[in-house]
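No value in this document is a laboratory result; all are computed from the given coordinates. Please read all numbers here as calculations on a predicted model, not as lab measurements. Methodologically, a virtual Cβ is constructed for each residue, glycine included, from the backbone with ideal geometry; neighbour enumeration extends over all protein chains shown.
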Amino acid sequence: MFSYVMRRLGVSLLVLLGASFLVYMLVAVSGDPLAEFRESTKANKDQLIAQRVELLHLDVPAPVRYFIWLGGAVKCVIPGQCDLGSTLAGQPVTTALSTAIPSTLQLVTGATLIAIVVGVAVGIVTALRQYSALDYTVTFVAFLFFSLPVFWVAVLLKEFGAIRFNDFLAHPVISGTAIAAVGVVSALVWPLLLGGSWRRRGITALVAGAVGAGVLYYLGVSEWFLYPGLGPVLVALTGAGIAIGITALLAGLQNRQALYASLTTVVLALIAMYALAPLLEQATLWLIVLLGLAAIGAGVLAGYLFGGYDRRQSMKAAGLTSFLVAGLVLLDRFMQSWPAYVVATRGRPIATIGSQTPNLNGDFWTSGLDFFTHLVLPTTALVLISVASYTRYSRASMLEVMGQDYVRTARAKGLSERVVVTRHAFRNALIPLATVVAFDIGQLLGGAVITENVFSFKGMGALFVTGLTRQDPNPVMGTFLIVGITAVTFNLLADLAYSALDPRVRVKA
Amino acid sequence: MSTTERMTDSLDSQEVRADLKGMSQGALVRKRFLGHTAALIAVALLAFVVLIALTSVGIGAWHGWWKYTWQDTPKLIDGGEPTLQLFPFSLGEHPFGQDSVGRDYFAMTMRGTQISLVITVLVGVISAVVGVSVGAASGFFRGWVESVLMRFTDIVIIVPVLLLGAVIGYNLKAGFVLLGTFLGLVLWTGMARLVRGDFLSLREREFVDAARLAGASSGRIIFKHILPNAVGVITVNTTLLMSSAILLETSLSYLGFGVKAPDTSLGLLISSNQAAFSTRPWLFWWPGLFIVIICLSINFIGDGLRDAFDPQQKKVSLRRVKEQAQVDVPAPLTAATAAPAQDGGTTPEPGDGR
């Protein structure tokens, strides 16, 4: 194992060296760094040219320049000695990278996580209901998302998700057509999701249509869009729904202790919602993280105390429920700060560019809202285009697993369908996905070049593209180095993870 | 319920029937592909788009049937609003509207579609050829050939495509044909890896040993014996590559590294008109619509091909299986074949005679 990892690392190093040389040469022939001065009529033209030549070592041929750059880059192994050159503006590349990387991570991490969770969930469900109307619809939608150019989606989102939505928020009057449309859509979607006989689907459609239209009408009348909030009743109802859903999935509803434990955590969360309200006024990020951990702890404890014939199941179900319901309470608290935030942004809450509103100076809640409203559109764009491939992958993988002999055996020995799916099939279906996910995470730092461009995020992608358009070799090489190293590392991790998860696969020791 | 496994059973029995009729592999694939409704619709749609893109504004010296070319600047009519009417159908003077200078947007979109299509085809062909060659050589010969070729593949994978676009844009202002060629020269890596994997397993099979014992040369084994077995993977992956190539081209053009003015492409049209969204939204909708149509049909064709080449993995038209099963299959097979067609949780147990 050790020798395999060492050999892979050695080879990866060689690959990186080769690729970096190739990239350096390509950057060198991709433009003339002196072009902006050649046409210049400034008096100090020659001096400017000489400066630039000295900065980029243009007096020596490109291969030699590469080794000068490499000499600086190799020193990165020693902490504090890193020298990746500087941009044309004179900023050291390491500084530029240290601001770009967090910005990119901010943008891409959330989007990737959401895409993975949603994609896997949808893929599994469609695999379990292969050839249903739901399956066909999801397949079509997945292909449609595959085929969307991201900048097209991004521009549409900016227009409809931000500009027109902000206009709507200024006068939140919901028209009869909108209510009817929402009613029709929910009447179409819910029967697809729930399935069943035609009679059942018809009833579902009627109920869902009426409820959908009714909820929207109520939201409009009660001015919910101006003063959003969940309130204790909605938190309790949604919380109970979550508790039942999670228990049904993880422990089965016949495990009463697990169900009671989960429901108890919902009650605890409701109490905490009021008991902690004064404390939350002066919230900080650490306090929230701490409270989140406390919520999980309380849930696990509740599960432990209720026990039951499978204590672990109760603890798992209650812990997860508690965490999710705590999230609901948090969401409610954020919503309470929404009117103040709308005022702070002069009535245009959803942002179209950048990563924060300048000079906001709000408390934790407003700046948190600011963070979300800036991320919501780029994240949506990224999720839309990347969720499709996860759906397809997990569907294919799940279908294959469901056809395996051990699934048949599990059914034959009388296990419930829930246990067959969650314990036997789902876990094994995740193994091939681990590779894909690791590979995608390796690509994360590359940033979403186009999304960053459309939404004016100053991340890695923007650094790379600006460097490229200005014939500025050092930032291009800097971003390439970071992206290359993470990609190579995560590829290695993907292979190791695969062999760890699936004992049938052995690495060549 | 366990629809999946019975699926496989039913497919096997379908296979058996086909074998009884003595169909060749190619005929089987063709038959399965023709049974895939979505793929057939996609083929028709793509053919339609290709046809109007080629004939309307013509190629080179030939002018096509549309009255304007993509460079003409006729007078602005009615603020450049699109005149296309679906019912009753009429094209009008400018079906897709006009841009701010008055150029006919239908002609421009068609020209953009042509270029995007040419790039797509170039990328598909070139990357398929290079990828298959590299993958086949490394998978078949193994040893140092494999090491060198695969490390080279690794290097090409991590070189950013944008950079290549910038290099081509700066040095060779010759336009879209070169762009497509160069994109093809970097996008073959996934294909090479897949083909290598296929070759690695196929070369251990008995028929390869048999061919070698019969005195076949390496070239003959590769081209006559192994490659035909890998053709499914290659075809499917090529279509996927082509659909991603069309998106890549539009992205590159959008960032200014792809097709450049005065020539045009679908990505460039969107990019140059995105600021006009609130005043002239049609400048934004039409090219996007064509990108989606082309890409979507290629994806569906790829899906149909995958099903056709690899029936174990995916679906065939279930209704067709069921109908045929009821028409021409002897009685004992019917129960097993008809069962999976009634899916959605109401699958009867096999043998209950439904």
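Take B:W62 and A:Y227, extend 7 Å from each Cα along the Cα→Cβ direction, and tell me the distance between the two endpoints in nm.
7.0 nm
Taking neighbour counts of Cβ atoms within 10 Å as a proxy for exposure, in what order, fewest first, do A:I124, A:I163 appear?
A:I163, A:I124
Which cysteines in the protein assembly as shown lack any other cysteine whose Cβ sits under 4.7 Å from their own Cβ?
B:C295 - these cysteines have no disulfide-compatible partner (Cβ-Cβ under 4.7 Å) in the protein assembly as shown.
Once R0 is set to 30 Å, what does the formula 1/(1 + (r/R0)^6) return for the Cβ-Cβ distance between A:Q91 and A:V5, expressed as a FRET efficiency to the nearest 0.05?
My answer for the efficiency is 0.25.
Arrange A:F146, A:F334, B:F207 by Cβ neighbour counts within 10 Å, fewest through most, would you?
B:F207, A:F334, A:F146
Contour minus end-to-end for A:V343 and A:F165, with contour as 0.36 nm per residue of separation and end-to-end as the Cα-Cα distance?
Result for the pair: 62.5 nm of gain on full extension.
Residue by residue through region B:25-37, what is 3J(HN,Hα) from phi via Karplus (6.51 cos²θ - 1.76 cosθ + 1.60, θ = phi - 60°)? Round to whole Hz and write x for glycine and proline.
4, x, 5, 4, 4, 4, 5, 5, 5, 5, x, 9, 4
Report relative contact order for region A:357-497 in percent, whole number only (criteria: Cα-Cα under 8 Å, sequence separation at least 6).
Result for region A:357-497 is 21 percent.
Under a crude label model (7 Å from the Cα following the beta-carbon direction), how far is B:A27 from A:L206 in nanometres?
5.4 nm
Starting from the Cα gyration tensor of region A:213-319, take the square roots of the eigenvalues, sort them a ≥ b ≥ c, and report rounded, prolate or oblate (rounded when a/c is under 1.5, otherwise prolate if a/b is larger than b/c, else oblate).
Oblate shape, in that a/c is at least 1.5 and b/c is the bigger or equal ratio.
Sort out for me the Cα centre separation of region A:115-141 from region B:194-263, rounded to whole Å.
29 Å
Would you work out if region A:363-407 is rounded, prolate or oblate? Take a ≥ b ≥ c from the square roots of the eigenvalues of the alpha-carbon gyration tensor; rounded if a/c is under 1.5, else prolate when a/b is larger than b/c, oblate otherwise.
In terms of gyration-tensor shape, oblate.
Which of A:H171, B:H225, A:H57 has the fewest other C-beta atoms within 10 Å, and how do the rest follow up to the most?
Going from least to most buried by this count: A:H171, A:H57, B:H225.
Relative to the present Cα-Cα distance, how much length would full extension add between A:I68 and A:L253 at 0.36 nm per residue of separation?
So the extension gain works out to 60.0 nm.
Could you let me know the centre-to-centre spacing of region A:431-470 and region B:52-78, using Cα atoms, in angstrom?
Taking the Cα centre of region B:52-78 as reference, the centre of region A:431-470 is 39 Å away.
With just the Cα atoms defining each centre, how far is region B:126-184 from region A:144-180? Give it in Å.
Region B:126-184 and region A:144-180 have Cα centres separated by 40 Å.
To test your reading of the geometry: what angle, between 0 and 90 degrees and rounded to tens, separates the Cα axis of helix A:176-194 from the longest principal axis of chain A?
80 degrees
What spacing in nm lies between the two simple spin-label points modelled at A:L156 and B:I77, each 7 Å away from Cα in the Cβ direction?
2.9 nm
Which angle from 0 to 90°, rounded to the nearest 10, does the C-alpha axis of helix A:93-128 make with the longest principal axis of chain A?
That works out to roughly 30 degrees.
log₁₀ I(q)/I(0) of the protein assembly as shown at q = 0.05, 0.08, 0.10, 0.11 Å⁻¹, via Debye over equal Cα point scatterers, no solvent, to two decimals?
Taken in order of the listed q values, log10 I(q)/I(0) reads -0.33, -0.91, -1.46, -1.72.
Calculate, for B:A214 and A:L501, the FRET efficiency according to 1/(1 + (r/R0)^6) with r their C-beta to C-beta distance and R0 30 Å; round to the nearest 0.05.
The pair B:A214/A:L501 has a calculated efficiency of 0.10.
With respect to the cross-link table entries B:K31/B:K224; A:K42/B:K260; A:K45/A:K75; A:K45/B:K260; A:K75/A:K158, which display a Cα-Cα separation exceeding 32 Å?
Violating the 32 Å limit, Cα to Cα: A:K45/A:K75; A:K75/A:K158.
Just to confirm the number: angle between the C-alpha axis of helix A:2-29 and the first principal axis of chain A, 0 to 90 degrees, nearest 10?
Taking the Cα atoms of chain A, the angle to A:2-29 is about 60 degrees.
Contact order normalised by length for region A:153-221, with contacts defined as Cα pairs under 8 Å and 6 or more residues apart; what percent is it?
So the answer I get is 36 percent.
Could you compute the FRET efficiency for A:V184 and B:N229, with r as their C-beta to C-beta distance and R0 at 51 Å, rounded to 0.05?
Result of the calculation: an efficiency of 0.55.
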